[in-house]
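Before any comments, here is the structure.
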Amino acid sequence: MTLKAEFDQYAEDVKKVKTRPTDQELLDLYGLYKQAVVGDINIDKPGMIDLKGKAKWDAWDSRKGMSTEDAMNAYISLAKQAIEKYGK
C-alpha cells in the first residue's frame, strides 16, 4: 500500500471511531490533514470572534514547513492512536 493510499484509508477510518476524540486530538488531526493535502496554510487568519475557525487555522499554521510525506506519516500515527483509543 502506498503512503497516499494508507493516508486516505486512515483519514476515512478515523471518522468512524465510536467515541469522539478530544478537541485537541481533532485539531492535531486537522492540522496534519490540511498540511498533507494542501501544504502550507494559504488562507487568512479568521477574526477573533470565530474561535473555532481560529483554532483550526492555528492547528494548520503550526505545521507550516512540514513536508507532505512527514505530515502524512504523522497523521497516520495519530489516527492509529485515536482508533486504538476510541474504537472503530
Suppose the filter is over 21 Å from residue 1 (Cα atoms) and buried (at least 16 other Cβ atoms within 10 Å of the Cβ); does residue 74 pass it? no
Selection within the stretch 35-88 - modelled with pLDDT under 95 and at positive phi: 87
So in the stretch 8-21, with the set limited to residues that are part of a loop (DSSP other than H, G, I, E, B) and either surrounded by 12 or more Cβ atoms within 10 Å (Cβ to Cβ) or hydrophobic (A, V, I, L, M, F, W, C) (or both), which one is farthest from the chain's Cα centre (by Cα)? 17
Assess whether residue 59 counts as being touching a Gly at 6+ places or on another chain (Cβ under 9 Å), aliphatic (A, V, I, L, M) and either more than 16 Å from residue 79 (Cα to Cα) or assigned to a helix (DSSP H, G or I) (or both). yes
Would you please name the residue that is farthest from residue 30 (Cα to Cα), looking only at residues in the stretch 56-66 that are of a type outside the set (Phe, Trp, Tyr) and open to solvent by less than 50 Å² (accessible area, probe 1.4 Å)? 61
Expected output for the stretch 39-52 (first residue closer than 15 Å to residue 27 by Cα, partner part of a loop (DSSP other than H, G, I, E, B) and open to solvent by 100 Å² or more (accessible area, probe 1.4 Å), Cβ below 7 Å, 6+ apart or cross-chain) is 41/64
Within the stretch 29-55, of all residues that are part of a helix (DSSP H, G or I) and open to solvent by 70 Å² or more (accessible area, probe 1.4 Å), the one farthest from residue 8 (Cα to Cα) is 51
With respect to the numbered conditions (1) modelled with pLDDT of 95 or more; (2) open to solvent by less than 90 Å² (accessible area, probe 1.4 Å), which one is the sole condition not fulfilled by residue 4? (2)
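The values are calculated or read from the model by the stated rules, or taken from the named source; none is laboratory data. Predicted model, so just to flag it, every value in this text is computed and none were measured. Note that we place each Cβ from the backbone using ideal geometry, even for glycine, and neighbour counts take in every protein chain shown. Note: accessible area is taken over every heavy atom of the protein model, side chains too, but ligands, DNA and RNA are not part of it. Shrake-Rupley method; radii C 1.70, N 1.55, O 1.52, S 1.80 Å.
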